[in-house]
1. Return yes or no: is Arg89 surrounded by fewer than 19 Cβ atoms within 10 Å (Cβ to Cβ) and under 22 Å from Asp167 (Cα atoms)?
2. Please go through the range 83-127 and pick out each residue that is β-branched (Val, Ile, Thr) and under 22 Å from Gly35 (Cα atoms).
3. Going through the range 125-137 one residue at a time, which ones are in contact with a Pro (Cβ under 9 Å, 6 or more places away or on another chain) and within 16 Å of Pro20 (Cα to Cα)?
4. So the check is Cβ under 6 Å with 6+ separation or different chains; which pairs have a first residue in the range 108-129 that's under 10 Å from Ala152 (Cα atoms) and modelled with pLDDT of 95 or more and a second one that's surrounded by fewer than 15 Cβ atoms within 10 Å (Cβ to Cβ) and aromatic (Phe, Trp, Tyr)?
Amino acid sequence: MSVRTLPLFPLGTVLFPGGPLSLRIFEPRYVDMVGRCMKDDSGFAVVMIVEGREAGGGALTTAAVGTEARIVDFHRLDDGLLGLTCLGRGRLRVSRAWRQDDGLNLAEVTALPPDAALAVPDDCAHLTEALRRLYPELGPLYEWVEPQFDDAAWVGNRLAELAPLEDAVKQGLLELEDPLERLRYLSPMIRLEPPPATNA
């Protein structure tokens, strides 16, 4: 796998492959980053903050595994800031990170193998059905996400990002190499309620 250099965007959350991400951009370093990404048709690495905080500088520790994000839409927000809609692409591993003089974080990253294309097993079929029921209620951000209800990795990633789990747990699910293991971890947490009865 070849090593690339990408802008590094530390966040207090986990971005999964195929998932949406909404960002408000106001710092000059990130405005410049967006301009470069748009010009070069490139992405940036989203990694979860493990210790410290991104704003204000200082010591910052991030997870070693993250996800490449690509900008799919941008607009001016009511407060004048730049709003971005991004989609997660492939997972990546950060081998080295540093900060430029302008404050922008950069990293050397290596792409991780994509999840295998596997069907959702019968013992996890309730997860697919639960996600099908939930999907129409997810709002406009998910209009950018093409449903793939027959793909185990896609179903697991969507449920992992939507479930009320601690960020460290979500990071662990991101790092799993087997999409079926991700599904089976989530399986006992999600119960399929029967549809409401209708009057004949």
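1. The answer is yes for Arg89.
2. Thr85, Val109
3. Passing the criteria: Leu131, Tyr135.
4. Thr128/Phe149
To keep it simple, each residue is scored yes or no on (1) in a strand (DSSP E or B); (2) surrounded by fewer than 18 Cβ atoms within 10 Å (Cβ to Cβ).
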residue	(1), (2)
Leu8	yes, no
Gly18	no, no
Met33	no, no
Val94	yes, no
Asp101	no, yes
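The values are calculated or read from the model by the stated rules, or taken from the named source; none is laboratory data. Please read these numbers as outputs of a predicted model, since none were measured by experiment. Neighbour counts run over all protein chains shown; Cβ positions are idealised from the backbone, glycine included.
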